[in-house]
């Protein structure tokens, strides 16, 4: 298994120089997040993830979770690691101080989440789901609900889930069958079954708080009739502590391709007592608070697993001897050259590096927007951040998981036949990553959300909010002596982006299928342009450091070389996506369904 080491140098490059988190924290009044505090958090977070979580990654995959008559036990070491995580204060790092949290910026919490997900993705699912539940209760719960649940969730005594999917419906939540019947005491009796519930049952905490979508008896049809309920595994007693068992049980756990140490449960609700959160029939609004949190976390998984895969691949490529370089021996004292001398191996490694570092920049850029949306006193600033987050969230989820899967596949390929063997650990990373494009809304759904709801649904307003940022950057740096060609390339694509969007919108007015046909290619096209902008921001800083002889010169040179590779080898993929979009929907919809099997 690759020995994960937190990429602190790259993290600090983004935090300290590219995005200047420290200036952002000062502007938002987040004075506790001083540079010294941030540095200490990075160091201690890395130590915990490298020494506690990473050693449990392979053993957790080998052992998996255990199911026995409704009781789920996590792999050896998971419970102890969770206790250490909670005791170290990591669980409440960015949580509201009113409920026991440390109140540090969300961007710091996201950086720690990256380390957790890179060292042990399965383990990270348990606190990750809890943070989603906390965000929904914090945003939509009553004062009493917040006081009752958030203190325990923040402390890690209790954990949380989100219960959406049912056997007959995944994304189409309007047809869920779980019912909630009002009771005389103001609570509701919930009955039904939910599937694919991550962390739905386990032994890490004393209680599990389920957030469950269900329909009231008189609910309108479709998504307008969905309500959200808090359903504890154990009902809190009069003192707020664990009381009697509620009517919710785990019917089974799934046997999966990957993330085997994360319990994916079937949950059965048999008249379970639940409590409405938010307004009746407005559960979709509450759900999206959870889903948007989960979608950003899922996008991060592509980065996390890609980073660990790259670390294993680069070490192997420098050690594995195979053939001689085409230009002559590079290690004549050895029987063969290390495979890193071969152009095709370099192609894979550079692709991995370019996507990982670009996706990390995208994640941290988005994290800064979260800080502004939650901490700014300026309503206009908060609205601008919210608009950008709405636009970027589906791209983060889909683009980062699609490219993350590509990266883990490259990592396995670098190992050749050994990559296919379990003992090296590379195939586990592929298996663990494969779910990420599927859950929390498949990438096709993310693409429809981006193009249909966010871009066309806002008449281009949300897209314009981002393309203006890119345009201003290109104008400001148009004469940069080293980067001028790349700036011009980005500027041209930025203009093309708007023109393409108009073209798709006009076609969709005549045929709605045009949106569905273009959606995924449009999202990937958008993602490549966004990473180009972020790579140029990184290159700009690297060039400045190189010229001023500040920082690590070799690190700066590596950034500039990787930026060049991205622009020359990866950004041209936009051309293929453009051609696919412009081909329209006819070639997709022409073949009758009954002829597919012929």
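The values are calculated or read from the model by the stated rules, or taken from the named source; none is laboratory data. Since we're looking at a predicted model, the values are computed, not measured. Neighbour counts are summed over all protein chains in view; Cβ atoms, including those assigned to glycine, are modelled from backbone coordinates with ideal geometry.
Against the definition (touching a residue at least 40 places away in the same chain (Cβ under 8 Å), over 14 Å from the mean Cα position of the chain (by Cα) and within 18 Å of residue 523 (Cβ to Cβ)), how does residue 391 come out, yes or no? So residue 391 fits the description; yes.
Of all residues in region 321-343, which are buried (at least 19 other Cβ atoms within 10 Å of the Cβ) and either within 25 Å of residue 6 (Cβ to Cβ) or without any contact (Cβ under 8 Å) to a residue 24 or more places away in the chain (or both)? Correct list: 337, 341. Within region 157-199, the set of residues being under 18 Å from residue 286 (Cβ atoms) and within 20 Å of the chain's Cα centre (by Cα) comprises 160, 161, 162, 163, 164, 165, 171, 197.
Any residue at all in region 223-237 that's outside any loop (DSSP other than H, G, I, E, B), over 19 Å from residue 160 (Cα atoms), in contact with a strand residue (DSSP E or B) (Cβ under 7 Å, 6 or more places away or on another chain) and at pLDDT below 95? Don't jump to the end; show me each part of the working.
Our first condition is that a residue be outside any loop (DSSP other than H, G, I, E, B); within region 223-237, this holds for 223-225, 227-232, 234-236.
Subsequent filtering for residues that are over 19 Å from residue 160 (Cα atoms) retains 223-225.
Among the residues that remain, those that are also in contact with a strand residue (DSSP E or B) (Cβ under 7 Å, 6 or more places away or on another chain) are: 225.
Among the residues that remain, those that are also at pLDDT below 95 are: 225.
Yes, there is a match, as at least one residue in region 223-237 is outside any loop (DSSP other than H, G, I, E, B), over 19 Å from residue 160 (Cα atoms), in contact with a strand residue (DSSP E or B) (Cβ under 7 Å, 6 or more places away or on another chain) and at pLDDT below 95.
Annotation note: of 532, 507, the sole residue that is surrounded by 14 or more Cβ atoms within 10 Å (Cβ to Cβ), within 23 Å of the chain's Cα centre (by Cα) and in contact (Cβ under 8 Å) with a residue 24 or more places away in the chain is 532. Out of 579, 558, one residue alone is farther than 30 Å from residue 463 by Cβ, at pLDDT 95 or above and assigned to a helix (DSSP H, G or I). It is 558. When the residues of region 283-305 are filtered to those that are farther than 30 Å from residue 428 by Cα and in contact with a strand residue (DSSP E or B) (Cβ under 7 Å, 6 or more places away or on another chain), the one that is surrounded by the fewest Cβ atoms within 10 Å (Cβ to Cβ) is 287.
Looking only at helices (runs of 4 or more DSSP H) that lie completely in region 45-121, which have at least 3 residues being more than 23 Å from residue 19 (Cβ to Cβ), touching a residue at least 40 places away in the same chain (Cβ under 8 Å) and under 23 Å from the mean Cα position of the chain (by Cα)? Please lay out each step first, then the result.
Values: elements: 57-63, 78-87, 106-119.
Hits in region 45-121: 57-63, 78-87.
Scanning region 141-156 for residues that are out of contact with any strand residue (DSSP E or B) (no Cβ under 9 Å at 6 or more places or on another chain) and not in a helix (DSSP H, G or I) gives a single hit, 156.
Matching residues to (1) part of a helix (DSSP H, G or I); (2) over 22 Å from residue 115 (Cα atoms):
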| position | (1), (2) |
| --- | --- |
| 262 | no, no |
| 270 | no, yes |
| 284 | yes, yes |
| 294 | yes, no |
| 312 | yes, no |
| 326 | no, yes |
| 335 | no, yes |
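Only one residue in 467, 401, 393 is in a helix (DSSP H, G or I) and closer than 30 Å to residue 547 by Cβ. Which one? Don't jump to the end; show me each part of the working.
On the way: 401 fails: closer than 30 Å to residue 547 by Cβ; 393 fails: closer than 30 Å to residue 547 by Cβ.
Being in a helix (DSSP H, G or I) and closer than 30 Å to residue 547 by Cβ holds for just one of 467, 401, 393, which is 467.
Is region 467-475 home to any residue that is surrounded by fewer than 18 Cβ atoms within 10 Å (Cβ to Cβ) and touching a residue at least 40 places away in the same chain (Cβ under 8 Å)? Yes, region 467-475 contains a residue that is surrounded by fewer than 18 Cβ atoms within 10 Å (Cβ to Cβ) and touching a residue at least 40 places away in the same chain (Cβ under 8 Å).
Could you list, in sequence order, the residues of region 247-256 that are assigned to a loop (DSSP other than H, G, I, E, B) and crowded, with 16+ Cβ neighbours inside 10 Å? Of everything in region 247-256, those that are assigned to a loop (DSSP other than H, G, I, E, B) and crowded, with 16+ Cβ neighbours inside 10 Å turn out to be 247, 254, 256.
I need the full set of residues from region 257-272 which are surrounded by fewer than 18 Cβ atoms within 10 Å (Cβ to Cβ) and in contact with a strand residue (DSSP E or B) (Cβ under 7 Å, 6 or more places away or on another chain), in order please. Lay out the reasoning, then the answer.
Pass one, region 257-272, residues surrounded by fewer than 18 Cβ atoms within 10 Å (Cβ to Cβ): 257, 268, 270-271.
Once the filter is applied, which keeps residues that are surrounded by fewer than 18 Cβ atoms within 10 Å (Cβ to Cβ) and in contact with a strand residue (DSSP E or B) (Cβ under 7 Å, 6 or more places away or on another chain), region 257-272 yields 268, 270, 271.
Evaluated against (1) buried (at least 17 other Cβ atoms within 10 Å of the Cβ); (2) assigned to a helix (DSSP H, G or I); (3) touching a strand residue (DSSP E or B) at 6+ places or on another chain (Cβ under 8 Å), residue 318 falls short on exactly one condition, (1).
Looking across region 207-246 at every residue that is without any contact (Cβ under 8 Å) to a residue 60 or more places away in the chain, over 18 Å from residue 130 (Cα atoms) and surrounded by 17 or more Cβ atoms within 10 Å (Cβ to Cβ), the one that is nearest to the chain's Cα centre (by Cα) is identified as 227.
With respect to the stated conditions, residue 386 is surrounded by fewer than 17 Cβ atoms within 10 Å (Cβ to Cβ), closer than 30 Å to residue 502 by Cα, touching a residue at least 12 places away in the same chain (Cβ under 8 Å) and in contact with a helix residue (DSSP H, G or I) (Cβ under 6 Å, 6 or more places away or on another chain).
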